[in-house]
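Enquirer: Below you'll find the structure I mean.
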Amino acid sequence: QVQLVESGGGLVQPGGSLRLSCAASGFTFSNYAMRWYRQAPGKERELVAGIWSGGEWTNYADSVKGRFIISRDKPNNTVYLQMNSLKPEDTAMYYCNVQRPLVGGTAMDYWGQGTQVTVSS
């Protein structure tokens with residue numbers, strides 16, 4: 001079955017960097033777009049970044065543009081989120097996501113367990 005396992009979170013000072021990883025299994029990784037979401041306490045889950053199946057197209061939330069970079073390693077079925085110039089408002093649980101289409105035009109979302117990122121001095 002589909003499995004997404006995030007890692008790389010932690011405590012970092014403002015201005016610091018972290019790289020999150022998401023190891024994917026149970027599906028043909030190279031065929032699907034991958035996304036990173038985050039959810040801060042008391043807030044809705046929001047899309048942070050996405051990368052197309054071929055890796056040639058990416059998109060970012062306005063709040064992270066110019067600071068975060070999403071990439072994917074197809075041979076290792078892993079998607080990364082490089083986070084630079086981190087701010088306290090980046091503090092959240094970060095989740096990896098893949099959406100797979102179902103018969104009938106609907107789609108199923110799969111999520112990892114999340115990795116906590118805390119930006120604080």
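The values are calculated or read from the model by the stated rules, or taken from the named source; none is laboratory data. Keep in mind the model is a prediction, meaning the values are calculated, not measured. When the accessible area is computed, the model is the full protein with side chains, heavy atoms only, and any ligands, DNA or RNA have been set aside. Shrake-Rupley method; radii C 1.70, N 1.55, O 1.52, S 1.80 Å.
Enquirer: How big is the gap, in Å, between the Cα center of region 1-43 and the Cα center of region 51-112?
Expert: 7
Enquirer: Right, another one. Just the accessible area per residue of the chain, please: how many Å² with a 1.4 Å probe?
Expert: 53
Enquirer: What percentage of the solvent-accessible surface of the chain, computed with a 1.4 Å probe over protein heavy atoms, is contributed by carbon and sulfur atoms?
Expert: Ligands and nucleic acids excluded, carbon and sulfur give 48 percent.
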